[in-house]
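Written below as structure tokens is the structure these notes are about.
The values are calculated or read from the model by the stated rules, or taken from the named source; none is laboratory data. Because the structure is a prediction, the values reported are computed rather than measured. All Cβ positions, even for glycine, are placed from backbone atoms using ideal geometry, and neighbour counts span all protein chains on display. Ligands, DNA and RNA are stripped out before the accessible areas are found, and what is left, the full protein with its side chains, is counted by its heavy atoms. Shrake-Rupley method; radii C 1.70, N 1.55, O 1.52, S 1.80 Å.
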Amino acid sequence: MSESVQQTSGDLTAVLRRLNPNVPAGSSGEVMPRTPRQSNAMRQIRAHIGADPLAKVLLTGHIGVGKSTELLHLAKEVGGERCVVECSVGGTLGSHNVNTFSLLVVVLDTLIRWWQGRLGDMPAGLVEELSDHVNDLLPDEKRPPKNNWGAFIRALRSELGRRENAPLPIENDKDLQSLYSEVVQRLALRSVEYTDTIALDPSPLALSCETLLKELAAAVGKPVLLILDDLDKVREQRARDDVFLHRAMAWRRLPCGIVSTLPLDAVFSSIGRELDQVWFDVQVLDPFPVPKPEGGSLDEPELQPYLSILRSVDAHEAFSGLQCRRLANASGGLPRVFVSACSASIAYAVERNEQHVRDYHIDLVLRDIADRWRGRLNDADYEALVDVLDSEGANVPKAIQLLRDGILIRDGAAPPEAQFRVAPWAEPLLAAYRRRSDRKLRLPLARE
């Protein structure tokens, strides 16, 4: 780290391109590399999938805590002994339309693409079997569809140029892949009500996944590990329950290992007990340690992950040690928040043609974060936050949305009585609420 000017604004622009908080670290050479971390959750996951090729494990944690980064690293680590197929829902379907049916379509499309890209053409017999499953999805002509999804499937068949009572035109694996890609694209662009999906039977899709996974494992000569990313971003409660509880057996019976992300709020909500019973193993990825906003040295262990992130993209000369410490503390231990704050600080410097991040840039960034949430939170939110903090971690279901949004942060590595804390950037907002509440209490007493 340096207090002196050592970079030009052009250098800072190059750094800014790599400080992308929306791309998992280590996903390519164009973004920042992964920062090593000690994680009990990932050690447990490695142990489970190493001992059982069919293990089904859920990974949860705050959005931005580094789950996607760790799953990418896991895929590289076990790639020699497992056939790893990575399926990113965010890049294909989008979290707004996730349910068991649509997710199975995405998995099938991904599996077929993986086979074609690495093994070439699929065997004719396998294509024929999967084609039969596709036609089993079509609604019965004698019983018109009662929901939008049934109508959607029927319309798709018509748009593909087939008669109402004719099977879909699938002659080879390219036709099969084209069909599923078309369905994924259409699903991604449509908002389908949950009530329109519950009557839809995903059994043919689940059977296709089972068949394809068995054949894939036999073709590559090693067990398949399916990584389902971005499911932690599913916001619709009924869709979350559909995937992880009501139709969980669609995933648990697949002949492969599965590591899937899960919304953190589900673990601490009313369905947490049921999740434990169905999945048996839910691991929580904890935040980075959080340094104090002032004091200490550059050798402080809590500061090292954040310094490592800056060094990995040659941004360490743009920030002083104290500036890095302030942003690290404000992040609450969430890497994405830290990277986003660093990126915004550099953007302010570039905008003003500065050659180094200045303290007032940090002030602006922290103010921007607080102001963004100031108008979103109401007194009920603050009351829920106070209930959790003052009860040393009880009453979390009342603040479940705050937990999801990273305003209430859970850190399993902290002592039991301190595992829940408010995000540091939100502390001034909470302090203002407490002062306002105190004034309201004092006014009636003053009148008396």
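Things to note:
- Test result for S68, part of a helix (DSSP H, G or I) and under 21 Å from A248 (Cβ atoms): no
- Failed criterion for L205 (all others in (1) over 29 Å from V267 (Cα atoms); (2) at pLDDT 85 or above; (3) touching a Phe, Trp or Tyr at 6+ places or on another chain (Cβ under 9 Å); (4) buried (at least 18 other Cβ atoms within 10 Å of the Cβ) hold): (1)
- Within the stretch 272-298, being open to solvent by less than 20 Å² (accessible area, probe 1.4 Å) and touching a Gly at 6+ places or on another chain (Cβ under 6 Å) holds for L285, P287, F288.
- The set of residues in the stretch 369-382 that are out of contact with any helix residue (DSSP H, G or I) (no Cβ under 7 Å at 6 or more places or on another chain) and under 22 Å from L19 (Cβ atoms) comprises D371, R372.
- Within the stretch 299-322, restricting attention to residues that are in a loop (DSSP other than H, G, I, E, B) and among the acidic types (D, E), the residue that is surrounded by the most Cβ atoms within 10 Å (Cβ to Cβ) is E317.
- For the stretch 367-380, filtering for residues that are over 13 Å from A432 (Cα atoms) and in contact (Cβ under 8 Å) with a residue 12 or more places away in the chain leaves 3.
- Test: S4 is open to solvent by 10 Å² or more (accessible area, probe 1.4 Å) and modelled with pLDDT under 90: yes
- All positions within the stretch 221-239 that are surrounded by 23 or more Cβ atoms within 10 Å (Cβ to Cβ) and either without any contact (Cβ under 8 Å) to a residue 40 or more places away in the chain or over 13 Å from S68 (Cα atoms) (or both): V224, L225, L226, V234
- Applying the criterion of being assigned to a helix (DSSP H, G or I) and of a type in the set (G, A, S) to the residues of the stretch 323-333, the residue that is surrounded by the fewest Cβ atoms within 10 Å (Cβ to Cβ) is A330.
- Within the stretch 51-75, being in contact (Cβ under 8 Å) with a residue 24 or more places away in the chain and open to solvent by 20 Å² or more (accessible area, probe 1.4 Å) holds for D52, P53, L54, I63, S68, T69, L72, H73.
- Conditions (1) modelled with pLDDT of 95 or more; (2) out of contact with any strand residue (DSSP E or B) (no Cβ under 7 Å at 6 or more places or on another chain): number failed by R410: (2)
- Residues satisfying the stated conditions in the stretch 261-287, i.e. assigned to a loop (DSSP other than H, G, I, E, B), touching a Ser or Thr at 6+ places or on another chain (Cβ under 8 Å) and among the hydrophobic types (A, V, I, L, M, F, W, C): L285
- If the condition is being among the charged types (D, E, K, R), within 23 Å of C342 (Cα to Cα) and surrounded by fewer than 16 Cβ atoms within 10 Å (Cβ to Cβ), then the stretch 29-50 contributes only E30.
- Qualifying residue in the stretch 432-443 (condition: more than 26 Å from the chain's Cα centre (by Cα) and polar (S, T, N, Q)): yes
- One residue stands out among those in the stretch 381-424 that are touching a Gly at 6+ places or on another chain (Cβ under 8 Å), among the charged types (D, E, K, R) and touching a residue at least 40 places away in the same chain (Cβ under 8 Å): the one that is farthest from Q38 (Cα to Cα), which is R421.
- Among residues of the stretch 77-113, those that are open to solvent by 10 Å² or more (accessible area, probe 1.4 Å), in contact (Cβ under 8 Å) with a residue 40 or more places away in the chain, under 17 Å from Q177 (Cβ atoms) and assigned to a helix (DSSP H, G or I), counted: 2
- Only listed residue being in a loop (DSSP other than H, G, I, E, B), hydrophobic (A, V, I, L, M, F, W, C) and crowded, with 17+ Cβ neighbours inside 10 Å, chosen from I258, I170: I170
- Residue within the stretch 330-345 that is more than 20 Å from the chain's Cα centre (by Cα), within 19 Å of V65 (Cα to Cα) and without any contact (Cβ under 8 Å) to a residue 60 or more places away in the chain present: yes
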